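What follows is a short report on a single structure.
The values are calculated or read from the model by the stated rules, or taken from the named source; none is laboratory data. Worth saying up front: this structure is predicted, and the values here are computed from it rather than measured. Cβ coordinates were reconstructed from backbone atoms using ideal geometry, including for glycine residues, and neighbour counts include every protein chain displayed. Quick note on the areas: whole protein, heavy atoms, side chains included, nothing else; ligands and nucleic acids left out. Shrake-Rupley method; radii C 1.70, N 1.55, O 1.52, S 1.80 Å.
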Amino acid sequence: MANFRLFDCRVSGEDNRIGLAQRTKIVKQYLSQTPKACAHFLNINTNADQLFDGLPKRDVASATAIISRLAKLNQHKKAITIFSRMFELNIKPNEFTFGVIIHSSVVLKDLNSGKQFHAISIKLGLNSNVYVGSSLLDLYVKLCSIEEGHRIFNDTNEPNVVSYTTLLCGYLKEQRFDEAMEVFRVMPERNVISWNAMISGYSQKGRNEEAVNLFVEMLRRGFIPDQSTFPSLFSAAANMAALGGGKSFHACAVKYLDDELGVFVGNSLVSFYAKCGSLEDSLRVFNRLPERNVVTWNALICAHAQNGSGKVAIESFKRMKDMGIKPNSVTLLGLLLACSHVGLVDEAYSYFKQARTQDANLLKSEHYACMVDLLSRSGRFKQAEKFIHDLPFEPGIGFWKALLGGCQIHSNTKLGEYAAQKVLALEPRDVSSYVMLSNAHSAAGRWQSVSIVRNEMKEKGLKRVPGCSWVEIKCKIHVFVTGDKRHAHKPEIYELLGYFLEHAMKSQETDILQEF
């Protein structure tokens, strides 16, 4: 067989001395080789039908090789076309063919095609095969329902770790944590992927403490975390503002990843330290990363935005563009938030209009909502109202709440009532809108209106969500809510609060006496 490199050069047309007919001849010459070689040739973007037609021996091995390569090149529709042609030529697909083609229907989000493949697999008696069953399970979990997925799981002979992991991911997706944990506990075999699935699933759904506990259990059972373990773990630690715990996880990452933090772990670390208020550590991680992508720069921009360094965030954005990194919608959102936090209204407007004229695809509803929030917070209510009126779509609840938030800050009760009516028309039981409207009336000294709002909340059975705060002491998180009576150290806490209150009252009395 001729050298692959020479073949790639000639067939791809890099060698201008040969025309299409000659290149086609070369393709057909090499199609007489093994299915593995056929799969290699698809890398040069040759017509799939032409390759398939040129096979001197068309069988399930060569057809599956071509379908697999097409799927790897994200040419899933072409893969399905070749699969259909197999039946025209009386080629019977095997379990590996079904595994690939069912995945293509998942990528295309084509449930109907997936169901057709399911029916064909039943007709051929392959649906209970573990490879086919796992692929069908993935299809129904992602595109249909967990109930359908569970039925597929029960029909699968000897389900493996992939089958179990796919099933528990389906339960986690629907926030059915008890069933996910039950599947996880009865798995005959676990690997790092199944542990990662559990940690990620709990973290993404806000079950941060459970995610951290799962990681600790994972280590105790002797499983070695990988690059996919830590991003979810840092996200969980950031959501709890557990700086000490997160630093311990950082040390674990350095240990288990041999000090080679990948770009995904690095990005999550930059975000973690920023969310915990440790901007210095966030910058240190950023500066040490050997590889940076748009996500890395987004994390840096958002880090400065979250910590009130709006101008530094803008400078970071300029550095990013100078490095040749193309911004995306997240970059723009971080930039607008940075401007919002420090009141740079005109600068934000400039970036927004620039995006609208140069690349309108960057703009999502969040960007429009951010502009309404920025204008409202700065007291530019006429501009904010006009901005909402000129939206290219119907404003959702977030827009009116952004306007209401600005009204609360500036005690604009008239416009605040209008915004609250809009919010409550979309979501009648939105407690936060009542609270913001009540606060706006309170700031303006309209106590009768405050009483009316609170009575309306009481009549509708709405209760204010209690405030929550936490403090980390020796890597342990202590959580407090308004009127907390359940904390283990309640007596000492209330005794200390009483001391502070008494001291504050005495200081106030002293100040009053000094005035006289």
> What is the residue count in the range 98-110 for residues that are more than 19 Å from R69 (Cα to Cα) and surrounded by fewer than 16 Cβ atoms within 10 Å (Cβ to Cβ)?
Replying inline: 1
> Would you pick out the residues in the range 281-313 that are touching a Lys or Arg at 6+ places or on another chain (Cβ under 9 Å), within 19 Å of H250 (Cα to Cα) and open to solvent by 20 Å² or more (accessible area, probe 1.4 Å)?
Replying inline: D281
>> Here is a check on your reading of the model: is L462 open to solvent by 20 Å² or more (accessible area, probe 1.4 Å), farther than 28 Å from G343 by Cα, in contact with a helix residue (DSSP H, G or I) (Cβ under 7 Å, 6 or more places away or on another chain) and among the aliphatic types (A, V, I, L, M)?
In response: no
>> Just to check your reading of the model, which residue among S235, S248 is in contact with a helix residue (DSSP H, G or I) (Cβ under 7 Å, 6 or more places away or on another chain), open to solvent by 30 Å² or more (accessible area, probe 1.4 Å) and assigned to a helix (DSSP H, G or I)?
In response: S235
> Looking at this structure, is V162 within 24 Å of S200 (Cβ to Cβ), open to solvent by 60 Å² or more (accessible area, probe 1.4 Å), modelled with pLDDT under 95 and in contact with an Asp or Glu (Cβ under 9 Å, 6 or more places away or on another chain)?
Replying inline: yes
> Of these, L404, L415, L374, which one is surrounded by fewer than 21 Cβ atoms within 10 Å (Cβ to Cβ) and assigned to a helix (DSSP H, G or I)?
Replying inline: L415
> Taking the range 211-226 as the region of interest, how many residues are in contact with a helix residue (DSSP H, G or I) (Cβ under 9 Å, 6 or more places away or on another chain) and either of a type in the set (V, I, T) or open to solvent by less than 70 Å² (accessible area, probe 1.4 Å) (or both)?
Replying inline: 11
> What are the residues in the range 128-151 that are under 18 Å from F96 (Cβ atoms) and not hydroxyl-bearing (S, T, Y), if any?
Replying inline: N129, V130, V132, G133, L136, L137, D138, L139
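Residues checked against (1) assigned to a helix (DSSP H, G or I); (2) of a type in the set (A, V, I, L, M, F, W, C); (3) within 18 Å of F234 (Cβ to Cβ):
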{"site": "F286", "(1), (2), (3)": "yes, yes, yes"}
{"site": "E291", "(1), (2), (3)": "no, no, yes"}
{"site": "N298", "(1), (2), (3)": "yes, no, yes"}
{"site": "K318", "(1), (2), (3)": "yes, no, no"}
{"site": "H341", "(1), (2), (3)": "yes, no, no"}
{"site": "A369", "(1), (2), (3)": "yes, yes, no"}
> Can we say S121 is assigned to a helix (DSSP H, G or I) and either open to solvent by 20 Å² or more (accessible area, probe 1.4 Å) or over 30 Å from R176 (Cα atoms) (or both)?
Replying inline: no
> Looking at S84, is it assigned to a loop (DSSP other than H, G, I, E, B), open to solvent by 10 Å² or more (accessible area, probe 1.4 Å) and among the small types (G, A, S)?
Replying inline: no
> Can you tell me how many residues in the range 343-365 are surrounded by fewer than 20 Cβ atoms within 10 Å (Cβ to Cβ) and not in a helix (DSSP H, G or I)?
Replying inline: 4
> Among the numbered criteria (1) more than 30 Å from R207 (Cβ to Cβ); (2) assigned to a helix (DSSP H, G or I); (3) not β-branched (V, I, T), which single criterion is violated by C169?
Replying inline: (1)
> Under 6 Å by Cβ, and 6 or more places apart or on different chains, what pairs join a residue from the range 333-346 that is of a type in the set (S, T, N, Q) with one that is surrounded by 24 or more Cβ atoms within 10 Å (Cβ to Cβ)?
Replying inline: S340/L374
